[in-house]
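**Q** Below: one structure in structure tokens.
The values are calculated or read from the model by the stated rules, or taken from the named source; none is laboratory data. Treat the numbers as computed from the prediction; the structure is a model and nothing was measured. Reconstructed Cβ throughout: ideal geometry from the backbone, glycine too, with neighbour counts over all protein chains shown. Accessible surface is based on the protein model in full, side chains and every heavy atom, while ligands, DNA and RNA are left aside. Shrake-Rupley method; radii C 1.70, N 1.55, O 1.52, S 1.80 Å.
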Amino acid sequence: MKVNANTIRPGHVIEHDGKQWSVLKIQILQPGKGGAFVQVEMRDVMTGIKSNERFRTQESVEKLMVDEKSCTYLYRADDAVALMDAETYEQFELPVDMIGGPAAYLQDGMTITLDLIEGNPVAARLPQQVTMTVTEAEPVVKGQTASSSYKPATLENGERVMVPPHIEAGTRIVVSTEDGSYVERAKD
């Protein structure tokens, strides 16, 4: 189905130059002169090769229809993740780069949405937010205003995130899997 380039989102699968591409990141840019355009980082579904492409915002792009399947994350082995089909309980492996950056937030038993085209997996999406424990947080610097200051912290998976000053080691927080940013303190 044809859609405007400005409606493309991460996780969509598009057809471009005769190939199928999974969209990883998008950025809408508006230069000072001329019309706005969409910068799209995408991965070739068949070869796994990444590419960057620019589309004018009103340019038509072919968005492919995909089937969705729920899977459960089991474990990670080197550069692959083991998943189990939620309906048939069949186990299979996918390359980690099909998930991309959010793979750092995988947790045992997590439900992952798999996008399929003609029965072949083309993209995998994690839930938008996960709850993680802060293992290390830097002390608050006196004199900083609480409204705009954030401090670095390390999560249980080793990822670094900027958190508000009141967050200490051992605190459970909600993190966005899309960009790894702090969302809120977890409600226990």
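**Q** How many of the residues making up region 55-74 are under 20 Å from the mean Cα position of the chain (by Cα) and not β-branched (V, I, T)?
**A** Number of matching residues: 10.
Here is a yes/no grid of residues against (1) among the hydrophobic types (A, V, I, L, M, F, W, C); (2) closer than 23 Å to I112 by Cβ:
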| site | (1), (2) |
| --- | --- |
| K19 | no, no |
| I26 | yes, yes |
| G32 | no, no |
| Q39 | no, no |
| M42 | yes, yes |
| K63 | no, yes |
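**Q** What number of residues within region 1-17 are within 16 Å of L116 (Cα to Cα) and of a type in the set (V, I, T)?
**A** Selection size over region 1-17: 2.
**Q** Additional query: Does region 137-146 contain any residue that is at pLDDT 85 or above and within 23 Å of the chain's Cα centre (by Cα)?
**A** No, the conditions are met nowhere in region 137-146.
**Q** If you go through region 1-57 one residue at a time, how many are surrounded by fewer than 15 Cβ atoms within 10 Å (Cβ to Cβ) and among the hydrophobic types (A, V, I, L, M, F, W, C)?
**A** Adding up the residues that qualify gives 7.
**Q** Looking at the structure I just gave you, is R43 within 19 Å of N4 (Cα to Cα) and in a strand (DSSP E or B)?
**A** No.
**Q** If a residue must be part of a strand (DSSP E or B), modelled with pLDDT of 85 or more and open to solvent by less than 60 Å² (accessible area, probe 1.4 Å), how many such residues does region 121-132 contain?
**A** 3
**Q** A follow-up question, please. So which residues in region 24-45 are touching a residue at least 24 places away in the same chain (Cβ under 8 Å) and either closer than 13 Å to A123 by Cβ or of a type in the set (D, E) (or both)?
**A** L24, M42, R43, D44, V45
**Q** Can you find a residue that is farther than 20 Å from M1 by Cα and among the acidic types (D, E) anywhere in region 63-76?
**A** Among the residues of region 63-76, not one is farther than 20 Å from M1 by Cα and among the acidic types (D, E), which makes the answer no.
**Q** Here are some residues: E168, E178. Which one is under 19 Å from D108 (Cα atoms) and either open to solvent by 60 Å² or more (accessible area, probe 1.4 Å) or assigned to a loop (DSSP other than H, G, I, E, B) (or both)?
**A** Testing whether each residue is under 19 Å from D108 (Cα atoms) and either open to solvent by 60 Å² or more (accessible area, probe 1.4 Å) or assigned to a loop (DSSP other than H, G, I, E, B) (or both) leaves just E178.
**Q** Only one of E90, E68, E53 is in contact (Cβ under 8 Å) with a residue 40 or more places away in the chain and either within 21 Å of L106 (Cα to Cα) or not β-branched (V, I, T) (or both). Can you tell me which?
**A** So the residue among E90, E68, E53 that is in contact (Cβ under 8 Å) with a residue 40 or more places away in the chain and either within 21 Å of L106 (Cα to Cα) or not β-branched (V, I, T) (or both) is E68.
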